[in-house]
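Reading through the structure tokens given below for one structure.
Read the figures in this text as sums done on the coordinates, not as results from a lab. Values in this document were obtained by computation on a predicted structure and should not be read as measured data. Heads up, the Cβs are rebuilt from the backbone with ideal geometry, glycines too, and the neighbour counts pull from every protein chain shown.
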Amino acid sequence: MKTQTKTFAELRKIAAKIHKSINDGYLPEYWKEYNEDEIVETDSGYYALMNNCVLIDETYWLHSDNDSDLYVMDEIDNEYIFMDDAIEVNNGKIYYWVHENKYLNGSNDIYKWNGEYVDDNYINRNNLVWAYEGGLYHVDDVYYWESDNEYHLDPEPNEGCIESYSFKPSPKYFMTNNESFKDLPLFMGIELEIENEKNSISNGAMSEILDDSHLYFKTDGSLSDGFEIVTHPLTFEWIKENKSNFSQMLESIKNNGFRSYDSTTCGMHIHLSKKNFGAWHLYRFLKFFQENKDFIVAISQRKIDNLKRWANLEDETNDTLIYKAKRKDGNNSRYVAINLCNSQTIELRIFRGTLNENSFFKNIEFAHSLFVFSRDYTEMNISNYKKFISDNSEYSHLSKFIKLKNL
């Protein structure tokens, strides 16, 4: 604030402005103790101490407290900007401010979605994808084409009975005549990946051979030349009652030149309905995996490198396990041993693909037995579990495998 060579009228205006600045809280009464170059004129027409102000565009001063509604911090460039030039961006967890130009020039990964500004973090956290035809969509509202590895607004033309990877039919529930929804039975879903080894018949032809009311088929980008066999929700009792159907399915796949176990790409995943797990039940289920990793690796029949790639056994604290169990969520990736990301199911991803019926049913029995064991028992140690298996005739394939491998 310079007062030299001012006329009397100009000095009176300055004095009046100083008086108003003091009264309105911009300038302290002891302002004379400061040098002139330590006092600035704000954009709102007051005098204030420079240390109590923020600078915008290297030109405009705003008082930190009195003008706080006029400016915000640009979180990308870490500088103050006028509120009129700012937009609020949602990153999926918090909102932050940036200059509007960062959206308008299209170079800062900020986009419009459902009437608000979002960034790449929001997109990833909320499962949004870019459609080939243009625009942001939730992954459930578009279709993934294996042919070009892009999301599209319409389904990919299929081969035989094989649908696109994003295909999600309305579930059909399969249970025995002795079971009822009112009893809240546990439903299981099975995914088996297979590769076409000899190309004696096409993938589409194979799917037509296997076609059955409890099955559907999908493409899978992780496979070289194959597809995924998926069941509708089934109870364990229904699987046992229809065991021969699965045995015939596995035999037919082998006889037509397909493989699963002897590949680096195929896995077998088993889903368990989330609603059948309480928080402490799920905690014990997760804890068994955490504390018995060598046993889990043996049960999976995967090589350790493939297990880490497709179904990693994470090292987690007890607090993390409790947090996940209470939320029935919490994975940062789907490629973990127990995937909690699905809205309706808990997915066990550990198993190596197989066309051997003993291994196939062993996997199903392991998933079901651990569900029952962790529900009914509190001590999740391996000796208790193996005794539970040996005492239960329902798990004959699993019991045989444990004895054969001396686990």
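The table for this structure:
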read-out	value
Sites matching trypsin sites (Lys or Arg not before Pro) across the stretch 26-126 that sit in DSSP coil, with at most 11 neighbouring C-beta atoms within 10 Å	93
FRET E, pair residue 139, residue 50, Förster distance 51 Å, beta-carbon r, rounded to 0.05	0.50
Charged-residue dipole, Cβ positions (Lys, Arg, Asp, Glu), the chain about Cα centre, Debye nearest 20	2400 debye
Positive dipole terminus of the chain, leading residue within 82, 267, 247 (C-beta point charges)	247
Estimated Rh, the stretch 1-128: Kirkwood, alpha-carbon pairs, angstrom	17.0 Å
Cut-off 19 Å (backbone N to label point 7 Å along Cα→Cβ of residue 173), residues of the stretch 223-263	231-242
Label-to-label distance, nm, for residues given as residue 153 and residue 247 (7 Å Cα→Cβ offset)	5.1 nm
Residue 316/residue 37 FRET efficiency (R0 60 Å; Cβ-Cβ; nearest 0.05)	0.55
Isotropic mean projected area of the C-alpha convex hull, the chain (nm²)	29.3 nm²
The stretch 162-404: radius of gyration over Cα atoms, expressed as a fraction of 2.2 N^0.38 Å	0.98
Cα convex hull volume per residue for the stretch 71-126 (Å³)	73 Å³
Column: log10 I(q)/I(0), Debye, Cα scatterers of the stretch 226-296, q = 0.13, 0.17, 0.19 Å⁻¹	-0.62, -0.95, -1.06
Length gained when the stretch residue 384-residue 24 is fully extended (0.36 nm per residue, less Cα-Cα span)	122.1 nm
Crossing angle, helix 318-327 versus the chain [Cα axis fit, 0-90 degrees, rounded to tens]	90 degrees
Acute angle (nearest 10 degrees) that the helix 279-291 long axis makes with the longest principal axis of the chain, alpha-carbon atoms	80 degrees
Cα radius of gyration and Dmax for the stretch 328-407 (Å)	13.8, 37
Sparse-neighbour loop sites [trypsin sites (Lys or Arg not before Pro); the stretch 356-391; at most 15 other C-beta within 10 Å; DSSP]	none
Cα-based Kirkwood hydrodynamic radius, the stretch 8-66, one decimal, Å	11.6 Å
Inter-probe distance in nm under a simple model that places probes 7 Å from Cα toward Cβ, at residue 77 and residue 13	3.2 nm
Linear extension gain, residue 124 paired with residue 334, 0.36 nm per residue minus alpha-carbon span	74.3 nm
Loop chymotrypsin sites (Phe, Trp or Tyr not before Pro), the stretch 1-64, which have at most 12 other Cβ atoms in a 10 Å radius of their Cβ (DSSP)	30
Likely footprinting exposure, 266, 341, 53, fewest C-beta neighbours within 10 Å first	341, 53, 266
Rotationally averaged projected area of the stretch 313-373 (alpha carbon convex hull; nm²)	5.0 nm²
Estimated FRET transfer efficiency (residue 303, residue 181; beta-carbon r; R0 45 Å; 0.05)	0.65
